[in-house]
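Each remark here refers to the structure printed beneath this line.
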Amino acid sequence: MISAQRSTATAETLSAKQRAIPLIAAAMANGDMAQLNAVLNQGLDAGLTISEAKEILVQLYAYTGFPRSLNALGELKDVLNARQHRGILDEPGSEPSHPVPTGEALLAAGMANQSRISGGIVKGPVFDFAPVINQFLQAHLFGDIFERDNLDWPSRELATVGALAAMSGVEPQLRSHVAASIRVGLTANQLKQLTQVLAAHGDASAAHRLSQALSQYLSDSAGRE
């Protein structure tokens, strides 16, 4: 059963908080610290907790690498210090409500999470060629990270889509996460709105890549009906 933190979103428009998440992810992926500073402030002003902001930047190391994640966490620390000096006390948020499982239980949880997000058991030539990569995905990304319930799954997918849209050469993964976003409760209209948000913040390339990925998803979905 999917826990409460994984409950689906129902609104047809993104909230101010949701709009900030992919902008944070895109700025981190681009390594643009000035933009990251601005959109972190935007997210915190919109109600993003400190815990949620940290979790976004931690999760994204799996997509953008440790160096960008560490730099972004350092920027968040500076942003929070500056806000505190201005008298702004941001909501700390919560830590995960339960310990992440270990051993076989972790792998089982990760496999279940991966199947839920991916729409079925993940397999293919790359995983046959290098099965260890799927073990890492299941045990670590979908286990260690996605079992942490201090950030809900729609927010995690918004962050992932924002980062992947900002990066060239990862269009297949972006298409996969557009589909995953809808599986965990976001809507096609919300993702269309996200393309507008990215474009409005000056990232036309990211907006274009996301628009193409969404169009492909909708075309494929129509073909299956």
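Determine, yes or no, whether Pro22 is without any contact (Cβ under 8 Å) to a residue 40 or more places away in the chain and either crowded, with 16+ Cβ neighbours inside 10 Å or not aliphatic (A, V, I, L, M) (or both).
On the way: without any contact (Cβ under 8 Å) to a residue 40 or more places away in the chain: no; either crowded, with 16+ Cβ neighbours inside 10 Å or not aliphatic (A, V, I, L, M) (or both): yes.
No: the conditions fail for Pro22.
Residue pairs whose Cβ atoms lie under 9 Å apart, separated by 6 or more positions or on different chains, with the first residue in the stretch 75-98 and under 20 Å from Gln35 (Cβ atoms) and the second exposed (fewer than 12 other Cβ atoms within 10 Å of the Cβ), are Arg83/Leu89; Asp90/Gln84.
Take the stretch 57-87 and flag every residue that is aliphatic (A, V, I, L, M) and either surrounded by fewer than 14 Cβ atoms within 10 Å (Cβ to Cβ) or modelled with pLDDT under 95 (or both). Can you show your working first?
Step one: of the stretch 57-87, the residues aliphatic (A, V, I, L, M) are 57-58, 60, 62, 70, 72-73, 76, 79-80, 82.
Within the stretch 57-87, Leu70, Ala82 meet the criteria.
For Lys54, the test of being charged (D, E, K, R), closer than 21 Å to Ala165 by Cα and either touching a helix residue (DSSP H, G or I) at 6+ places or on another chain (Cβ under 8 Å) or modelled with pLDDT of 95 or more (or both) is passed.
For the stretch 4-26, state whether one or more residues are at pLDDT below 95, in a helix (DSSP H, G or I) and either of a type in the set (Lys, Arg) or under 16 Å from Leu158 (Cα atoms) (or both). Steps first, answer last, please.
From the stretch 4-26, those at pLDDT below 95 are 4-13; that's our starting set.
Narrowing the set further to residues that are in a helix (DSSP H, G or I) leaves 4-6.
Checking which are either of a type in the set (Lys, Arg) or under 16 Å from Leu158 (Cα atoms) (or both) leaves us with 5-6.
Checked the stretch 4-26: at least one residue is at pLDDT below 95, in a helix (DSSP H, G or I) and either of a type in the set (Lys, Arg) or under 16 Å from Leu158 (Cα atoms) (or both).
Of all residues in the stretch 120-132, exactly one satisfies the criterion of being within 20 Å of the chain's Cα centre (by Cα) and either in the same structural domain as Ser51 (by TED's automatic domain parsing) or β-branched (Val, Ile, Thr) (or both), namely Val122.
Inspect the stretch 38-55 for any residue being in the same structural domain as Phe142 (by TED's automatic domain parsing), part of a helix (DSSP H, G or I) and touching a residue at least 60 places away in the same chain (Cβ under 8 Å) and give the result as yes or no.
In the first step, residues of the stretch 38-55 are kept if they are in the same structural domain as Phe142 (by TED's automatic domain parsing); the result is none.
Scanning the stretch 38-55, I find no residue that is in the same structural domain as Phe142 (by TED's automatic domain parsing), part of a helix (DSSP H, G or I) and touching a residue at least 60 places away in the same chain (Cβ under 8 Å), so the answer is no.
Scan the stretch 92-119 for residues that are assigned to a loop (DSSP other than H, G, I, E, B), crowded, with 16+ Cβ neighbours inside 10 Å and under 18 Å from the mean Cα position of the chain (by Cα) and report the count.
Kept after step one, since they are assigned to a loop (DSSP other than H, G, I, E, B), are these residues of the stretch 92-119: 92-102, 119.
Adding the requirement that they be crowded, with 16+ Cβ neighbours inside 10 Å leaves 100.
This time we only want the ones that are under 18 Å from the mean Cα position of the chain (by Cα), so: none.
Of the residues in the stretch 92-119, 0 are assigned to a loop (DSSP other than H, G, I, E, B), crowded, with 16+ Cβ neighbours inside 10 Å and under 18 Å from the mean Cα position of the chain (by Cα).
Matching residues to (1) in contact with an Asp or Glu (Cβ under 9 Å, 6 or more places away or on another chain); (2) part of a helix (DSSP H, G or I); (3) under 24 Å from Gly103 (Cβ atoms):
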residue: Phe127; (1), (2), (3): no, yes, yes
residue: Leu137; (1), (2), (3): no, yes, yes
residue: His140; (1), (2), (3): no, yes, yes
residue: Glu147; (1), (2), (3): no, no, yes
residue: Asn150; (1), (2), (3): yes, no, yes
residue: Pro154; (1), (2), (3): no, yes, no
residue: Glu157; (1), (2), (3): no, yes, no
residue: Thr160; (1), (2), (3): no, yes, no
residue: Ala163; (1), (2), (3): no, yes, no
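The values are calculated or read from the model by the stated rules, or taken from the named source; none is laboratory data. These figures come from a predicted structure and were not determined experimentally. Counting neighbours? That spans all protein chains shown, and the Cβs are built from the backbone with ideal geometry, glycine included.
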